[in-house]
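As structure tokens, the structure follows; a few thoughts come after it.
The values are calculated or read from the model by the stated rules, or taken from the named source; none is laboratory data. Predicted, not measured: the structure shown is a model, and the values here were computed from it. Neighbour counts are summed over all protein chains in view; Cβ atoms, including those assigned to glycine, are modelled from backbone coordinates with ideal geometry. Heavy atoms of the whole protein, side chains included, go into the accessibility calculation; ligands, DNA and RNA do not. Shrake-Rupley method; radii C 1.70, N 1.55, O 1.52, S 1.80 Å.
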Amino acid sequence: MTFFYDLMLALSLVLSAVYLFMWHRHFDVHITLVFTLAPITNLGFSLFARSQNLQEALVAQKLSYIGGSYLLMFIMFMVFSLCHIKLNRLLRVAFMLLSTVMYGFVLTIGFSDIFYKSTTTFEIVDGNAKLNKDYGFMHTLFFTVVIAYFTLTLFAIVYSYLRKNQVSRKMIYLLFLSEVVAIAAYFSGRSVIENIQLLPAAYVFGQAMYLIIVYKIGLYNVTDTAIDSMVESGDTGFVSIDFKKKYLGSNKTARKIFPFLEKLTVDKSITKSDDVNNTFVKWLDEFNEDDSKNKLYYEKDGKIYLVNITYLFDGRKNKGYQFFITDDTKNQQYIKLINSFNDELRNEVYEKTNHIIEMHDKLVISMATMVESRDNSTGGHIKRTSMGVKLLTDEMKKAHYANLHEDFYSRIIKAAPMHDLGKIAVDDAILRKPGKYTAEEYEQMKKHAAEGAKIVHQILEGTDDLEFHVIAENVAHYHHERWDGSGYPCGLKADEIPIEARIMAIADVYDALVSKRVYKEKMSFEQANKIILEGMGTQFDKMLEPFYMRARPKLEEYYSSIEC
């Protein structure tokens, strides 16, 4: 069955090539040796299957025995290293000498009876090479050493599973699976499938498992690649967590600051610990909402630690999160000292700034009131619409509508009085006309929205509150746009209309309906409500209907208490 052995050799070479592509200088040297010796061992099996005489068969056997002599030893060393179990250097040297001695006896095959006796014969049966072996006494010792390597490797895997929380569970499972397959293949000989040695397939299977582990090493041993100098200095803590909030590892400094990390198990979710939920999970949630919140402070035992959150990068793409924890106590104490000297000055500046802002706001209100006095309304429109906006946004705020920030609501209430500033550019003859507008007059009136936006822009140009500037300008510009796109001045439709303008539109129209004008009497609340509801989905945003309905009793109560 030369095809089987050739296939195993080819697969072994491919897997070693993949490992070479993934290789990193921080990988354990024993992993590299395993991927080097596995193809060589499988080459021995392939050559044996193609041998035509006893001499060729014996040479191939010597090559394949590299697996039992060295490959199994390096697999054992690799497992101990991955499981963070230290082997004494002298013990390593002893194992290396033992394997070398064993392989030295393997090389006596064909020259001595120590390993294979001279009675060993070769034959080809049904096209398959077959070696009828008579074992020497050193083969028994070789077999004992192989059993010892398997046993010690299994011991390291089981011990790590029971006692080593800082070792990845997935890695342990992969190591255990590959070891069990190797043991089964080694001791089954040719008994499972006639005339086929399963050991080459076991080596290939092991290589595949080790490749998966090599991929994981990029995450679990990230302290070796990302923060070598910091970890060695001993004053920087490091914690890594993947995108599924599974624990990947930490260094001693981090575990000293956060003792509860000792109880975490690699590859397990961190959300099962209350201590972790109140720290790392909470910080991650805030970081995911706004990645600018990548720095925070943690106080413990009189010290202040700076926690810096970044993405965990393996050289190709982000794999999770990493936390850098440093003692920032001295810096914070220094900053606190400076701040104490500046508090009085800061308070004084704050008071003066607020005074300027109040004066600015009063000036804007006065200007809006002056514009309103030119209109044909009975007065009080800007005050009433501001209250209408407040009552509507109060209901939206309770429902956390679209996750709008609380500052947004205060800004739109503050902007509401500015919505009709553009009417200052409309001729008095049109603005104060008691009757219905002609088509030409209506076109002139519609210009007040765009003009208002320009005026607001000029008034607020240079303000520090850019968000208020945008909201106020949008309110003035688009409060006459309609949900179905038939409004003015731009014919915006649906979500193209800024949310602040959609809110302003409801408050503006409601006030116009229930307020008295020189050309009309005020409507009843029932009539006004009917018109507003009929306009939902055509004139107004249908999504705002529930908030209008909840605000309606308060709107009616407010308008009942005033003369309008």
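With the other protein chains left in place, how much accessible area per residue, in square angstrom, belongs to the chain at a 1.4 angstrom probe? Each step should come with its number before you reach the end.
Values: 29540 Å² over 564 residues.
Ligands and nucleic acids excluded, the result is 52 Å² per residue.
Annotation: amide H-H contacts under 5 Å for Phe122 (H modelled 1.01 Å from N, sequence separation of 5 or more, or interchain): Asn132. Cβ-Cβ distance of Leu306 and Ile562, R₀ of 51 Å, FRET efficiency by 1/(1 + (r/R0)^6): the value works out to about 0.40. Peptides 97-104, 166-173 ordered by packing proxy, namely the average of other Cβ atoms within 10 Å per residue, highest first: 166-173, 97-104.
For the listed peptides 45-52, 477-484, a ranking on the average number of other beta carbons within 10 Å per residue, highest first, reads 477-484, 45-52.
Which links in Lys244/Lys542; Lys303/Lys398; Lys390/Lys520; Lys397/Lys454 stretch past 28 Å when you go from one Cα to the other? Going by Cα-Cα distance, Lys244/Lys542; Lys303/Lys398; Lys397/Lys454 fall outside the 28 Å limit. For the range 142-213, what are the per-bin percents of Cα-Cα distances with bins 10 Å wide, up to the bin holding the maximum? Values per bin, smallest distances first: 19, 45, 29, 7, 0. Computing FRET efficiency as 1/(1 + (r/R0)^6) for Val125 and Ala208, where r is the C-beta to C-beta distance and R0 is 45 Å, gives about 0.90. For the chain, the longest principal axis of the Cα atoms and the long axis of helix 499-514 meet at an angle of about 30 degrees. Charged neighbours of Asp275, selected by a Cβ distance under 13 Å, balance to +3 (K, R count +1; D, E count -1).
Translational diffusion coefficient of the range 499-556 at 4 °C, 1.567 mPa s, Stokes-Einstein with Kirkwood Rh over Cα pairs, in µm²/s as a whole number. Working shown, then result.
Values: Rh = 11.7 Å.
The diffusion coefficient I find is 111 µm²/s.
Compute the Cα gyration tensor for the range 484-524, then decide on rounded, prolate or oblate, letting a ≥ b ≥ c be the square roots of its eigenvalues: rounded whenever a/c is under 1.5, prolate when a/b is larger than b/c in the other cases, and oblate in all that remain.
Here the range 484-524 falls in the prolate category.
Panel note: the C-alpha atoms of the range 1-104, placed on their principal axes, show extents of 46, 33, 17 Å (largest first).
May I ask you to give the percent of accessible area on the range 417-564 that is carbon plus sulfur, with a probe radius of 1.4 Å? Display every interim value, and only then the final one.
Details: 3860 of 7370 Å².
Carbon and sulfur together cover 52 percent of it.
Sorting 90-96, 296-302, 35-41 by average packing, meaning the other beta carbons within 10 Å per residue, from highest down gives 35-41, 90-96, 296-302.
A simple rule links phi to the HN-Hα coupling: the Karplus curve 6.51 cos²θ - 1.76 cosθ + 1.60 with θ = phi - 60°, which for the range 326-332 gives 10, 6, 10, 4, 4, 4, 5 Hz, with x for Gly and Pro. For the range 83-91, 3J(HN,Hα) computed residue by residue from phi via the Karplus equation (6.51, -1.76, 1.60; θ = phi - 60°) reads 8, 6, 10, 7, 9, 4, 4, 4, 5 Hz, glycine and proline entered as x. Where only DSSP H runs of four or more residues are counted, the chain gives -19500 deg cm²/dmol as its mean residue ellipticity at 222 nm, each run worth -39500 (n - 2.57). For the range 429-564, the convex hull spanned by the alpha carbon atoms encloses 137 Å³ per residue.
What is the gain in length, in nm to one decimal, between Ser118 and Leu13 on full extension, counting 0.36 nm per residue of separation less the C-alpha to C-alpha distance? Mind showing how you got there, number by number?
Details: separation 105, 0.36 × 105 = 37.80 nm, distance 3.42 nm.
Separation in residues times 0.36 nm, less the Cα-Cα distance, equals 34.4 nm.
Please work out how much length the chain gains when fully extended from Lys542 to Arg163, using 0.36 nm per residue of separation minus the C-alpha to C-alpha distance, in nm with one decimal.
Values: separation 379, 0.36 × 379 = 136.44 nm, distance 6.05 nm.
Gain in length upon complete extension: 130.4 nm.
Provide, for q = 0.20 Å⁻¹, the log10 of I(q)/I(0) from a solvent-free Debye sum over equal Cα point scatterers in the range 391-464. The calculated log intensity ratios at q = 0.20 Å⁻¹ are -0.88.
Beyond 25 Å between alpha-carbons counts as too far, so tell me which of Lys252/Lys282; Lys293/Lys330; Lys170/Lys300 fall in that bin. Flagged as over cut-off: Lys170/Lys300.
Could you point to the label whose value was computed as semi-axes √(5λ) of the Cα gyration tensor in Å for the structure here, given (i) 83, 29, 18; (ii) 37, 30, 23; (iii) 51, 26, 20? Here the calculated entry is (i). Amide H contacts of Gly485: Ala494, each under 5 Å away and 5 or more positions distant or on a separate chain (H built 1.01 Å from N in the peptide plane; Pro and chain starts excluded).
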